Amino acid sequence: MANAPTPGGISKILANPSPDSASDVPQVVLQVLDLKATGNRYMFTAADGDMKLKSILPSNLTSEVISGNIQNLGLIRVLDYSLNDIPNKPEKYLIVTKCEVVSSALDKEVKSEVKKEEADIVLKPKQELDDKSAVNTGSGILLKPKQELVAKSAAQIVHEQRTNMAPSARMSMTRRVHPLVYLNPYQGDWTIKVRVTDKGNLRTYKNAQGEGCVFNVVLADEDGTQIQATMFNEAARKFYEKFSLGKVYYVSRGTLKVANKKFKTVQNDYEMTLNVNSQVDEVTNEAAFVPETKFNFVKIDMLGPHVNGRELVDVIGVVQSVSPTMSIRRKINNETAPKRDVTIADETKKTVVVSLWNDLATTVGQELLDIVDQSPIIALKYLRVGDFQGVSLSTISRSSILINPDIKEAHQLRSWYDSEGKAISMASVSSGMSPSSKSGSRSMYTDRVSLSHILQNKSLGEEKPMFFSIRAYVSFIKPDQTMWYRACKTCNKKVTDAIGSGYWCESCQKNDEECSLRYIMVVRVSDASCEAWLSTFNAEAERIVGCTAEELDGLKSQIGEEASYQLKLKEATWVPHLFRVSVSQNEYNNEKRQRITVRSVAPVDFAAESRFLLEEIAKMKAS
């Protein structure tokens, strides 16, 4: 039968539980029975018409089931697999890591027809007459009792021949290397060949069970797939010195579990744990490899949902400006670290500031400063998204930067920028959290509330800042408040009068002859429900007032120009704005108070606002 399971197919798989190479995989077609979803993968019963075996399709084959290629009662050809024991049971699980579809769903389950009386005998040729246990039927055929056949696979024979070899040599010759994408928690026996792309520090911890130590590494295979491996206590002490950044290793005898999405920092559904029995051997006599860098780019105007999240992002952009190197004093240890700000833009016509820290600031940052007039394209991997000035990006220890990379996204971006991008004005993503709910980012119509909702809920922002959008009018700007501060032109931090002349920046640890003025003020806003005071900073205040702090200071300081100063503030009132605000709790005189801070501001798009109101009315009618 053309479309039928391979007779004895499961027996062939059981006889070769761990094939050494693709050529050792038996050519077996099996029928899929009882197909059902379990988490992000599918379980089924594999059948060859006679025997059945519990089986699993890993997550990389889920799309084949969803698309309808792999169907219940259908046939698949197994191209790669592994067998795992079921704890406390004599059964095994078949992990089908690679397969191809032979047939869609058949009408029914295929079952072989074997006569019962033939099941317990084996036919032998006539020439074996010297076997005393045989019974001669007189027809030239001997009937022998069924015997237990003990067969050795090619893998077992090779293993026995090479028992005395060194571990790393034996592993490279007899162990089949698995791609990281095929690993899953149900796979018991695997070996991976990986490069260490990031190595953490050996850290100590203390909990209810006592004290211990831990460290982790990020491993990447030749395809660029990454996974984080963690080691505790004895395993941490055993492997900390063994793992070296940039070297290639064979790793086996580890365990996998589903990654905690709250803490994961690499793009992998699983995370690995290595214990004292795990095996790690450095690759020395083989050609090493450089893992392909895989990017999962996020557009600049889509960074909003990632603000203050644990997940790291990749971005690509055209360099617009590069700042000089700054020395920033860290609050944690009072040590200074070099920092450089790079502003990039992409096809969304938005810009964002990327802060390069430590070596990236002094090496790659300097290279970018030297070629900034050429508008180079940079691809950045593993950036943290913060809320400084609305949205900002920062590098961490394992961040990497490619300048003018030879990838499709870079070529597309270059084509766009040369044809139209360099001729148009760009807006910061902080100011342009577009008032359009279509973008999917935290827009001005996300979490829209009234001012009364914020003021009446005194507990908002107790544990962490909460974000809302409001539509309101600026009703009053107090003219005699301290509306700006003197700032360092390098880092924007506050400066003080230096001894003699100039200004002293504590952050940069240097004197400057000049400083800049930056807004820091409060404004009163009103909507239909009530009014509230909002704290604003430089970029947002400039959009509200309509001029820079230095320009407003010029109006205020000119003799006889007080009326112009007052008029400028008056012109800024009773203008509608869309605000994105954060609500937090501050303690003042042992009393907790709400603080509402403007994170971004945009003018009202009356067409978009009308659509939003119509949608709200439709929701009210439906409820």
Looking at (1) surrounded by 16 or more Cβ atoms within 10 Å (Cβ to Cβ); (2) out of contact with any Cys (no Cβ under 6 Å at 6 or more places or on another chain), which one does Ser507 not meet, given that it meets all the others? (2)
Could you tell me whether any residue of region 333-352 is in contact with a helix residue (DSSP H, G or I) (Cβ under 9 Å, 6 or more places away or on another chain), at pLDDT below 90, among the small types (Gly, Ala, Ser) and part of a helix (DSSP H, G or I)? no
Quick one: which of Ala602, Ala618, Ala541, Ala622 is under 41 Å from the mean Cα position of the chain (by Cα), at pLDDT below 90 and under 22 Å from Val429 (Cβ atoms)? Ala602
Filtering region 563-594 for residues that are open to solvent by less than 60 Å² (accessible area, probe 1.4 Å) and without any contact (Cβ under 8 Å) to a residue 24 or more places away in the chain leaves a count of 2
If I go through region 357-377 residue by residue, how many of them are part of a helix (DSSP H, G or I), without any contact (Cβ under 8 Å) to a residue 40 or more places away in the chain and open to solvent by less than 70 Å² (accessible area, probe 1.4 Å)? 3
Taking the condition modelled with pLDDT under 90, assigned by the TED database to the domain that holds Ser535 and not polar (S, T, N, Q), does Leu460 pass? yes
For region 487-512, which positions are touching an Asp or Glu at 6+ places or on another chain (Cβ under 9 Å) and part of a strand (DSSP E or B)? Lys494, Val495, Thr496, Tyr503, Trp504, Cys505
If I filter region 203-210 for residues that are hydrophobic (A, V, I, L, M, F, W, C) and touching a strand residue (DSSP E or B) at 6+ places or on another chain (Cβ under 9 Å), do I get at least one hit? no
Please find, within region 513-562, the residue that is most open to solvent (accessible area, probe 1.4 Å) out of those that are among the small types (Gly, Ala, Ser) and assigned to a helix (DSSP H, G or I). Ser557
Among residues of region 595-623 being among the hydroxyl-bearing types (Ser, Thr, Tyr) and touching a Leu at 6+ places or on another chain (Cβ under 9 Å), the residue surrounded by the fewest Cβ atoms within 10 Å (Cβ to Cβ) is Thr597
So Ile454 passes all but one of these: (1) closer than 30 Å to Pro376 by Cα; (2) modelled with pLDDT of 90 or more. Which condition number does it fail? (1)
For residues in region 210-247 being without any contact (Cβ under 8 Å) to a residue 40 or more places away in the chain and open to solvent by less than 50 Å² (accessible area, probe 1.4 Å), which is farthest from Lys199 (Cα to Cα)? Gly210
Phe215 - would you say it is within 25 Å of Asp189 (Cα to Cα), assigned to a loop (DSSP other than H, G, I, E, B) and aromatic (Phe, Trp, Tyr)? no
Please note which strands (runs of 3 or more DSSP E) are completely contained in region 27-106 and include at least 1 residues that are open to solvent by 70 Å² or more (accessible area, probe 1.4 Å). 28-38, 52-57, 75-85, 92-103
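The values are calculated or read from the model by the stated rules, or taken from the named source; none is laboratory data. All of these numbers come straight from a predicted model, not from anything done at the bench. FYI the Cβ positions are ideal-geometry reconstructions off the backbone, even for glycines, and counts take in every protein chain you see. Just so you know, the surface numbers come from the protein's heavy atoms only, side chains and all, with ligands and any DNA or RNA stripped out. Shrake-Rupley method; radii C 1.70, N 1.55, O 1.52, S 1.80 Å.
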